[in-house]
Amino acid sequence: MCHNHNELKSTNRDLQQLERQWDRRNFLTRTSLGLGALALNSLLNVDKVWGSTTQSLLGDLKSHYKNRLGLPHHLPKAKRIVYLFQSGGPSQLDMWDYKPKLRKMFGVDLPESVRQGQRLTGMSSDQTVFPIAPSIMDFKQYGQTGTWASELLPHTAQVVDDLCLIKSMQTDAINHDPAITFLQTGNQLPGRPSIGAWLSYGLGSDNENLPTFITLITKNMSGQPLYSRLWGNGFLPTEHQGVQFRSGKDPVLYLNNPENYDGLDRRRMLDYLKKLNNIHYDMYGDPEINARISQYEMAFRMQTSIPEVTDLSDEPDYIFEMYGADSRNPGTYAANCLLARKLLEKDVKFVQLYHQGWDQHIGCPAGVRSQNKLTDQANAALIKDLKQRGMLEDTLVVWGGEFGRTVYSQGQLTADNYGRDHHPKAFTMWMAGAGVKAGLTYGETDDFSYNVTENPVHVHDFHATLLHLFGIDHERLTFKHQGRRFRLTDVHGHVVKDILG
């Protein structure tokens, strides 16, 4: 007994000595991560300062806090975002980028002067000819702006005056995994924080009972694989990672209490766990310990908030009719769009929808037709729904995939069928709401939708513009990791001011 007591006293002395040493080495770091972060967090959560402030108040805060993390660098237009990511690369030629001159060039080999030796994928690099495949879709002009849209988009065509169509997107990646990773994290290699994680890190949360960043994936869809790192935190603290909601009984795994285990038991367990983690943090000063405490507490609050927000039964019939019949089936794209609107109403800052199946190397006409039947009505409904609730003015909506498709046919070309390979040098995305010019078509491509001829928008430019709409200077939102300061836009990118209202 005495022997054990002496060992315990010796261990305690060692721990106290370690703590004193750690305090001397890390006093400034621990203070900034502790009291400073708590003070700033309390400010943000009390008044949702950045989302509703006047220029005067923002100026006072910037002067007092000198643009510390969590405060915008300028007045934001966007308070929240829903990103409708179409995984696989939608064909801009069959949906948005109308090229009527191609009808007279059916089957003609794409001129080398157009292709200019650009990189090809391994799936078409062995082709000896690259026959031009004009879209078989009918195009019409819609809205007061006269925006061209194909027959595949009867619903979205009705809201074109609310959209900012960017036809000059460009990316550096030609294959799916690096291209999706690039769009979501600003780098083709895994390991970087996603857009939602950066926004969570920079601006914090406006709802203490729900995650800042939530991901929804259309159920029962095949296509290019999606990985959790696409909505991951990378090297940022883990509390900023996206939380995936699943369809079915348990939207978030392991959230429900075990059988015969009530909320009071859970509360006691978390309180004791927090005490132990606080002791651990006092000894080692690792901010990840506080991040873990925060995650446990969020999970506890989500036990009440998640069932409420994911319950669509209280939506009126006309809302379901607007989104389409699939909206009554949880986990479908339409249902996820409706759920996204509910999450945005609860001040979730970033809602990410993933919809697979846009990779039409063969059977492109039938493939894009099928995909638009699943997504077109819901996309338009989301715009209308946000608008009728007065939310579109401070909600940013983004639609697009990781790259576009080629004008030439991959594989056999017939009068009513063709395939299209990946094309990174020219593709279309659209944005709406939150300070983006409505009814604008920005950028232009050549007669083959192969090269950008006017106002190119690189992925880094897109990211810089997105952050700008949230009041963030993309060059100033950084995180030091392994001796270097990283940012979403890596080392370049500029705000596309021409599309801003």
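The values are calculated or read from the model by the stated rules, or taken from the named source; none is laboratory data. For clarity, every value in this text was computed on a predicted model and none was experimentally measured. Note that each Cβ is placed from the backbone with ideal geometry, even for glycine, and that neighbours are counted across all protein chains shown.
The residues in segment 215-230 that are farther than 21 Å from residue 361 by Cβ and in contact with a helix residue (DSSP H, G or I) (Cβ under 6 Å, 6 or more places away or on another chain) can be counted, and the count is 3. Annotation note: of 494, 463, the sole residue that is in contact with a Ser or Thr (Cβ under 7 Å, 6 or more places away or on another chain) and either at pLDDT below 95 or outside any strand (DSSP E or B) (or both) is 463. Checked against the criterion of being in contact with a Lys or Arg (Cβ under 7 Å, 6 or more places away or on another chain) and assigned by TED's automatic domain parsing to the domain that holds residue 221, the candidates 389, 476, 405 yield just one match: 405.
Scanning segment 405-448 for residues that are among the acidic types (Asp, Glu) and in contact with a His (Cβ under 7 Å, 6 or more places away or on another chain) yields one hit, 421. The single condition among (1) outside any loop (DSSP other than H, G, I, E, B); (2) over 20 Å from the mean Cα position of the chain (by Cα) that residue 169 does not satisfy is (2). The residue of segment 44-69 that is surrounded by the most Cβ atoms within 10 Å (Cβ to Cβ), among those that are assigned to a loop (DSSP other than H, G, I, E, B) and either at pLDDT below 60 or polar (S, T, N, Q) (or both), is 53.
Restricting attention to segment 448-474 and to residues that are surrounded by fewer than 17 Cβ atoms within 10 Å (Cβ to Cβ) and out of contact with any Gly (no Cβ under 7 Å at 6 or more places or on another chain), the residue that is nearest to residue 237 (Cα to Cα) turns out to be 473. Would you pick out the residues in segment 419-433 that are touching a helix residue (DSSP H, G or I) at 6+ places or on another chain (Cβ under 6 Å) and either surrounded by fewer than 24 Cβ atoms within 10 Å (Cβ to Cβ) or at negative phi (or both)? Within segment 419-433, 419, 420, 427, 428, 432 meet the criteria. Listed by first and then second residue, the pairs linking a residue in segment 487-499 that is of a type in the set (Lys, Arg) to a residue that is assigned to a loop (DSSP other than H, G, I, E, B) and surrounded by fewer than 18 Cβ atoms within 10 Å (Cβ to Cβ), with Cβ atoms under 6 Å apart and 6 or more places separating them unless they lie on different chains, are 487/478. Scan segment 278-287 and tell me whether some residue there is in contact with a Pro (Cβ under 7 Å, 6 or more places away or on another chain), surrounded by 15 or more Cβ atoms within 10 Å (Cβ to Cβ) and within 30 Å of residue 338 (Cβ to Cβ). No, that holds for no residue. Would you please list the contacts, defined by Cβ atoms under 8 Å and residues six or more apart or on different chains, that run from a residue in segment 313-326 that is free of Cβ contacts under 8 Å to residues at least 40 places away in the same chain to a residue that is surrounded by 13 or more Cβ atoms within 10 Å (Cβ to Cβ) and of a type in the set (Lys, Arg)? Sorted first by the residue in segment 313-326, then by its partner, the pairs are 320/328.
Residues that are part of a loop (DSSP other than H, G, I, E, B) and crowded, with 20+ Cβ neighbours inside 10 Å within segment 332-354 comprise 332, 348, 349, listed in sequence order. Only a single item in (1) closer than 26 Å to residue 109 by Cβ; (2) in contact with a Lys or Arg (Cβ under 9 Å, 6 or more places away or on another chain); (3) not aromatic (Phe, Trp, Tyr) is not met by residue 149, and it is number (1).
Evaluating residue 236 against the criteria (1) in contact (Cβ under 8 Å) with a residue 60 or more places away in the chain; (2) farther than 21 Å from residue 402 by Cβ; (3) buried (at least 23 other Cβ atoms within 10 Å of the Cβ) leaves one unmet condition, (3).
Cβ separations smaller than 6 Å between residues 6+ apart or across chains give the following pairs from segment 338-357 residues that are under 20 Å from residue 317 (Cα atoms) to residues that are in a helix (DSSP H, G or I) and β-branched (Val, Ile, Thr): 342/309.
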